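Comments concern the structure below.
The values are calculated or read from the model by the stated rules, or taken from the named source; none is laboratory data. Source: prediction; values computed, not measured. Cβ: placed from backbone, ideal geometry, glycine included. Neighbour counts: every protein chain shown.
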Amino acid sequence: MKILIADDDPQILRALRITLRARGYEVIVATDGVQAVNRAVEHKPDLYLIDLGMPNLDGVEVIAGLRGWTAAPILVVSGRTGSADKVEALDVGADDYVTKPFNIDELLARIRALGRRADGGAAARDAEPLIRIGDAVVDLTATTVTRAGAPVRLTPTEWRVLEILVRNAGRLVTRQTLLSDIWGSEHVTDTGYLRLYLSQLRKKLEPDPATPRFLLTEPGMGYRFDPTGAGTLAADQQERVGGSDTDQK
């Protein structure tokens, strides 16, 4: 696996380069945001370790730029510990977030997990790249959505919510699973995020957002993508009437 490390701290770069190379990874390094983008284009890494506080382009700008053309996993390794920084990085397309100082074994475990997720995602994309939601088509290979032939613009987080659901077609995906996969384990109670993003996805993709047939709510549990479009409004009515108290707890 080829990993790009972007960090302006020479000690961090040296330590990570030695550690990762000792474990068989091919390592590319960058000391600022512009260099990170240029080396990403040149080498096309399989995974990225990105610091947020870099000169020229900061880490958020780098992540946004990368997400314009690559789906490779991005792990933020940053000294910024505020929740706003984490949410911003995850919203623009990062897959996970580790704060400095970090435990090297934990970092290596997260790298392995992201590598497995990337391999699994590639297999799933090869197996069934096109998913239909009414008159919308989700292309998992190209990471694009069209509706009646016209492109549909999704935010990176909307795409990640949708991708998880369609890759688990017909199966319940719990709120905790979605929150943990997208925002990290510390956000497993922030169910308001999911209500917002599911509402936005339904407006963009459902034939009638007021009566969703494909992107369904399982009250108190999570969400389900029904590829047959045979879903009913009942689940969503139950959540609006009886689910709000659960979300506030």
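If you go through the stretch 73-88 and keep only what is surrounded by 19 or more Cβ atoms within 10 Å (Cβ to Cβ), modelled with pLDDT under 90 and within 14 Å of the chain's Cα centre (by Cα), you end up with just Lys86. Put simply, of Leu47, Leu13 the only residue that is crowded, with 16+ Cβ neighbours inside 10 Å and touching a residue at least 60 places away in the same chain (Cβ under 8 Å) is Leu47. Scanning the stretch 3-47 for residues that are under 22 Å from Ala113 (Cβ atoms) and outside any helix (DSSP H, G or I) yields a total of 15. I'd like to check something: does the stretch 137-145 contain any residue that is closer than 29 Å to Asp85 by Cβ, charged (D, E, K, R) and either part of a helix (DSSP H, G or I) or not assigned by TED's automatic domain parsing to the domain that holds Gly82 (or both)? No - not one qualifying residue is present in the stretch 137-145.
Among the residues of the stretch 174-183, are any touching a Lys or Arg at 6+ places or on another chain (Cβ under 6 Å), assigned to a helix (DSSP H, G or I) and either modelled with pLDDT of 85 or more or under 30 Å from Gly68 (Cα atoms) (or both)?
yes
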